[in-house]
Amino acid sequence: MEERGRLIAASLGPGDPELMTRAAWRALEGASCWAWPVGRRDGESYALALVARAGLPKPARLLPLDFPMTRDPVALARHWQVAATRTLEVLREGIDVVFLVEGDASFFATFGYLSRTVRVLDPAVKVVVIPGVASPLAAAALEGEPLCAGEGSLAILPGTAGFERIERLLGEFQTVVLLKVRPVLPELLVLLTRRNLLSRSVFVERAGAPEERVVRDVETLRGRDVHYLSLLIVHCGQGEALA
């Protein structure tokens, strides 16, 4: 059997190259091939831009992979299959493929879909995951408040997970972090207002990137568009007594 290259997830952190681990840096420096997800029509990649800010030179082989921003499972499965097939072509040449991941590869990342599909097509492929700083941790550092302390409880979920579910968790946990809030931000602000939690919430956008933004008066976000890499930290407080 021909020797396969390894599929390596290089977790880059949320946006600041200084938060990249030494392990990820070494993997990128020594790589013959980088791959990264492209999810927008303009072809831009947040992960690739992060590596560029780090000053790391690109290898000779580059593998942008199309992962469209859609929730259609049929369309997504088709694109994962195409991306995995293209990745596998390189791996079967005995070349390692280092996949650029913003944040952490095990935390709401595209890499999980890619690695599972590659291993279905070829179980002999070895997958290596280099962990990194996830966005809620970077956002909490910017806010200057701990996500949880002592016996505190923490829930992290997408803002698109359903408002009934979110409202229930707001009453059960001390802190709730809502990711991917862009498409539902107006509705979330209404919910937080009704629960008297608006003043205990902080909005963070593109943590660590040059364009990062921290909004403590989240009321000012009403009617405004935000970046897709944004989250809300909600300090519920009373939830811990009910957990």
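The values are calculated or read from the model by the stated rules, or taken from the named source; none is laboratory data. Note that the structure is a prediction, hence the values are computed from the model and not measured. In this analysis, Cβ positions are derived from the backbone assuming ideal geometry, glycine residues included, and neighbour counts consider all displayed protein chains.
Go through the residues of segment 129-137 one by one and say whether even a single one is under 19 Å from L231 (Cβ atoms), β-branched (V, I, T) and at pLDDT 95 or above. Scanning segment 129-137 turns up at least one residue that is under 19 Å from L231 (Cβ atoms), β-branched (V, I, T) and at pLDDT 95 or above. The selection criterion, being exposed (fewer than 13 other Cβ atoms within 10 Å of the Cβ), at pLDDT 85 or above and not charged (D, E, K, R), does not hold for L50.
Put simply, of V204, V176 the only residue that is touching a Cys at 6+ places or on another chain (Cβ under 9 Å), on the phi < 0 side of the Ramachandran plot and assigned to a strand (DSSP E or B) is V176. Counting residues in segment 86-95 that are at pLDDT 95 or above, more than 30 Å from A209 (Cα to Cα), β-branched (V, I, T) and surrounded by fewer than 20 Cβ atoms within 10 Å (Cβ to Cβ) gives one or more. Scanning for something polar (S, T, N, Q) and not in a helix (DSSP H, G or I), does segment 217-235 turn up at least one residue? Yes, segment 217-235 contains a residue that is polar (S, T, N, Q) and not in a helix (DSSP H, G or I). Just one of the listed residues (K126, K180) is surrounded by fewer than 16 Cβ atoms within 10 Å (Cβ to Cβ) and either among the basic types (K, R) or touching a Pro at 6+ places or on another chain (Cβ under 7 Å) (or both), and it is K126. When each of G152, G132 is tested for being in contact (Cβ under 8 Å) with a residue 40 or more places away in the chain, small (G, A, S), assigned to a loop (DSSP other than H, G, I, E, B) and surrounded by 17 or more Cβ atoms within 10 Å (Cβ to Cβ), the lone residue that passes is G132. Of all the numbered requirements in (1) of a type in the set (S, T, Y); (2) closer than 17 Å to A209 by Cβ; (3) more than 15 Å from the chain's Cα centre (by Cα), S32 misses one, and that requirement is (2). Return yes when R116 is farther than 26 Å from H227 by Cα, within 18 Å of the chain's Cα centre (by Cα) and surrounded by fewer than 21 Cβ atoms within 10 Å (Cβ to Cβ) and no when it is not. Considered against the rule, which asks whether it is farther than 26 Å from H227 by Cα, within 18 Å of the chain's Cα centre (by Cα) and surrounded by fewer than 21 Cβ atoms within 10 Å (Cβ to Cβ), R116 comes out as yes. Of everything in segment 192-225 that is of a type in the set (V, I, T) and more than 24 Å from the chain's Cα centre (by Cα), the residue that is surrounded by the fewest Cβ atoms within 10 Å (Cβ to Cβ) is T220.
Selection within segment 67-80: residues that are surrounded by 13 or more Cβ atoms within 10 Å (Cβ to Cβ) and not in a helix (DSSP H, G or I). The member of this set that is modelled with the lowest pLDDT is P68. Candidates A109, A83, A124: the one that is assigned to a loop (DSSP other than H, G, I, E, B), of a type outside the set (D, E) and in contact with a strand residue (DSSP E or B) (Cβ under 8 Å, 6 or more places away or on another chain) is A109. Among F108, F203, F163, which is the only one that is among the aromatic types (F, W, Y), in contact with a Leu (Cβ under 8 Å, 6 or more places away or on another chain), under 22 Å from Y46 (Cα atoms) and not assigned by TED's automatic domain parsing to the domain that holds W34? Testing whether each residue is among the aromatic types (F, W, Y), in contact with a Leu (Cβ under 8 Å, 6 or more places away or on another chain), under 22 Å from Y46 (Cα atoms) and not assigned by TED's automatic domain parsing to the domain that holds W34 leaves just F203.
Selection of first residues in segment 229-240 that are at pLDDT below 80 and of second residues that are among the aromatic types (F, W, Y) and part of a loop (DSSP other than H, G, I, E, B), restricted to Cβ pairs under 7 Å at least 6 apart or on distinct chains, gives the following pairs, ordered by first then second residue: G239/F173.
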